[in-house]
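In what follows, a single structure is set out as C-alpha coordinates and then discussed.
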Amino acid sequence: MGEGEEQVKVLSQWPSPFAIRVLIGLEEKNVRYESLEENFASKTELLVQMNPIHRKVPVLIHNGKPICESLIILQYIDEVWPGSNSFMPSNPYDRALAKFWADFIDTKEKLKKKASVIC
(Lines give C-alpha, C1' and ligand atoms only; values in the text may rest on other atoms or scores of the structure.)
Protein backbone atom coordinates (compact mmCIF):
# COMPACT_ATOMS: atom_id res chain seq x y z
CA MET A 1 0.00 0.00 0.00
CA GLY A 2 1.45 3.33 -1.07
CA GLU A 3 1.81 6.42 1.05
CA GLY A 4 -1.50 8.25 1.49
CA GLU A 5 -3.47 5.25 0.22
CA GLU A 6 -6.46 4.21 2.30
CA GLN A 7 -6.74 0.72 3.73
CA VAL A 8 -10.20 -0.80 3.53
CA LYS A 9 -11.04 -4.32 4.66
CA VAL A 10 -14.39 -6.03 5.04
CA LEU A 11 -15.01 -8.96 7.33
CA SER A 12 -17.78 -10.81 5.53
CA GLN A 13 -19.35 -14.19 5.09
CA TRP A 14 -21.07 -15.77 2.15
CA PRO A 15 -24.10 -15.80 1.85
CA SER A 16 -24.87 -13.12 4.47
CA PRO A 17 -27.19 -10.55 2.85
CA PHE A 18 -25.89 -7.96 5.30
CA ALA A 19 -22.27 -8.51 4.24
CA ILE A 20 -23.21 -8.63 0.55
CA ARG A 21 -24.97 -5.28 0.97
CA VAL A 22 -21.68 -3.72 2.15
CA LEU A 23 -19.65 -5.30 -0.67
CA ILE A 24 -22.13 -3.97 -3.25
CA GLY A 25 -21.89 -0.51 -1.69
CA LEU A 26 -18.10 -0.49 -1.94
CA GLU A 27 -18.27 -1.68 -5.55
CA GLU A 28 -20.80 1.06 -6.40
CA LYS A 29 -18.43 3.69 -4.99
CA ASN A 30 -15.41 2.11 -6.74
CA VAL A 31 -13.59 1.73 -3.43
CA ARG A 32 -10.67 -0.69 -3.42
CA TYR A 33 -11.00 -3.14 -0.53
CA GLU A 34 -9.86 -6.50 0.74
CA SER A 35 -12.60 -8.98 1.62
CA LEU A 36 -11.78 -11.34 4.48
CA GLU A 37 -14.11 -14.32 4.70
CA GLU A 38 -15.26 -15.34 8.17
CA ASN A 39 -16.48 -18.75 9.31
CA PHE A 40 -19.72 -19.25 11.29
CA ALA A 41 -18.18 -22.15 13.21
CA SER A 42 -15.10 -20.35 14.53
CA LYS A 43 -14.78 -16.59 14.80
CA THR A 44 -11.36 -15.13 14.05
CA GLU A 45 -9.45 -13.05 16.55
CA LEU A 46 -9.75 -10.10 14.16
CA LEU A 47 -13.58 -10.32 14.15
CA VAL A 48 -13.73 -10.55 17.95
CA GLN A 49 -11.33 -7.60 18.24
CA MET A 50 -13.14 -5.43 15.66
CA ASN A 51 -16.70 -6.26 16.78
CA PRO A 52 -16.42 -7.29 20.45
CA ILE A 53 -20.10 -6.59 21.23
CA HIS A 54 -21.91 -8.67 18.59
CA ARG A 55 -19.00 -10.68 17.14
CA LYS A 56 -20.68 -10.88 13.75
CA VAL A 57 -20.23 -9.71 10.17
CA PRO A 58 -20.14 -7.41 8.38
CA VAL A 59 -17.40 -5.20 9.74
CA LEU A 60 -15.77 -2.49 7.66
CA ILE A 61 -12.23 -1.67 8.78
CA HIS A 62 -11.12 1.69 7.41
CA ASN A 63 -7.53 2.60 8.20
CA GLY A 64 -7.64 0.32 11.24
CA LYS A 65 -10.94 1.66 12.62
CA PRO A 66 -13.96 -0.70 12.68
CA ILE A 67 -17.51 0.21 11.69
CA CYS A 68 -20.21 -2.40 12.38
CA GLU A 69 -23.79 -3.07 11.21
CA SER A 70 -24.50 -2.98 7.48
CA LEU A 71 -26.80 0.06 7.33
CA ILE A 72 -24.40 2.10 9.47
CA ILE A 73 -21.52 0.94 7.26
CA LEU A 74 -23.38 2.02 4.10
CA GLN A 75 -24.06 5.45 5.58
CA TYR A 76 -20.37 5.72 6.46
CA ILE A 77 -19.30 4.67 2.94
CA ASP A 78 -21.67 7.23 1.41
CA GLU A 79 -20.23 10.01 3.58
CA VAL A 80 -16.54 9.09 3.25
CA TRP A 81 -16.66 8.50 -0.52
CA PRO A 82 -19.46 10.88 -1.61
CA GLY A 83 -18.94 11.00 -5.41
CA SER A 84 -21.90 11.46 -7.72
CA ASN A 85 -23.74 8.24 -6.91
CA SER A 86 -25.26 8.79 -3.47
CA PHE A 87 -26.98 5.78 -1.91
CA MET A 88 -29.82 7.88 -0.51
CA PRO A 89 -32.25 10.17 -2.32
CA SER A 90 -31.80 13.91 -1.74
CA ASN A 91 -35.53 14.41 -1.09
CA PRO A 92 -36.27 13.97 2.65
CA TYR A 93 -39.51 12.02 2.07
CA ASP A 94 -37.87 9.66 -0.43
CA ARG A 95 -34.93 9.22 1.95
CA ALA A 96 -37.33 8.32 4.79
CA LEU A 97 -39.01 5.72 2.55
CA ALA A 98 -35.65 4.21 1.63
CA LYS A 99 -34.72 3.96 5.31
CA PHE A 100 -38.10 2.37 6.11
CA TRP A 101 -37.65 -0.36 3.47
CA ALA A 102 -34.04 -1.01 4.47
CA ASP A 103 -35.15 -1.47 8.08
CA PHE A 104 -38.06 -3.66 6.97
CA ILE A 105 -35.70 -5.97 5.07
CA ASP A 106 -33.30 -6.10 8.04
CA THR A 107 -36.11 -7.00 10.41
CA LYS A 108 -37.45 -9.73 8.09
CA GLU A 109 -33.98 -11.27 7.67
CA LYS A 110 -33.33 -11.26 11.41
CA LEU A 111 -36.73 -12.86 12.11
CA LYS A 112 -36.08 -15.46 9.42
CA LYS A 113 -32.70 -16.28 10.98
CA LYS A 114 -34.24 -16.63 14.47
CA ALA A 115 -36.99 -18.90 13.10
CA SER A 116 -34.45 -21.19 11.45
CA VAL A 117 -32.53 -21.50 14.73
CA ILE A 118 -35.71 -22.45 16.62
CA CYS A 119 -36.79 -25.10 14.09
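The values are calculated or read from the model by the stated rules, or taken from the named source; none is laboratory data. All of these numbers come straight from a predicted model, not from anything done at the bench. Every residue, glycine as well, gets a Cβ built from its backbone with ideal geometry; the counts of neighbours run over all protein chains shown. The accessibility values were calculated without ligands, DNA or RNA, using every heavy atom of the protein model including side chains. Shrake-Rupley method; radii C 1.70, N 1.55, O 1.52, S 1.80 Å.
Take the residues in the stretch 36-59 that are crowded, with 20+ Cβ neighbours inside 10 Å and touching a Lys or Arg at 6+ places or on another chain (Cβ under 8 Å); name whichever of them is farthest from Val80 (Cα to Cα).
Among those that are crowded, with 20+ Cβ neighbours inside 10 Å and touching a Lys or Arg at 6+ places or on another chain (Cβ under 8 Å), it is Leu47.
Each row is one residue, and each column tells you yes or no for (1) free of Cβ contacts under 8 Å to residues at least 40 places away in the same chain; (2) within 12 Å of the chain's Cα centre (by Cα); (3) open to solvent by less than 70 Å² (accessible area, probe 1.4 Å).
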| residue | (1), (2), (3) |
| --- | --- |
| Val10 | no, yes, yes |
| Arg32 | yes, no, no |
| Ile61 | no, yes, yes |
| Ile67 | yes, yes, yes |
| Met88 | yes, no, yes |
| Ala102 | yes, no, yes |
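Do we have any residue at all in the stretch 17-26 that's part of a helix (DSSP H, G or I), out of contact with any helix residue (DSSP H, G or I) (no Cβ under 8 Å at 6 or more places or on another chain) and open to solvent by 70 Å² or more (accessible area, probe 1.4 Å)?
There is at least one residue in the stretch 17-26 that is part of a helix (DSSP H, G or I), out of contact with any helix residue (DSSP H, G or I) (no Cβ under 8 Å at 6 or more places or on another chain) and open to solvent by 70 Å² or more (accessible area, probe 1.4 Å).
Take the stretch 69-86 and flag every residue that is open to solvent by 60 Å² or more (accessible area, probe 1.4 Å) and under 15 Å from the mean Cα position of the chain (by Cα).
Scanning the stretch 69-86 gives Leu71, Ile72, Gln75, Tyr76, Glu79.
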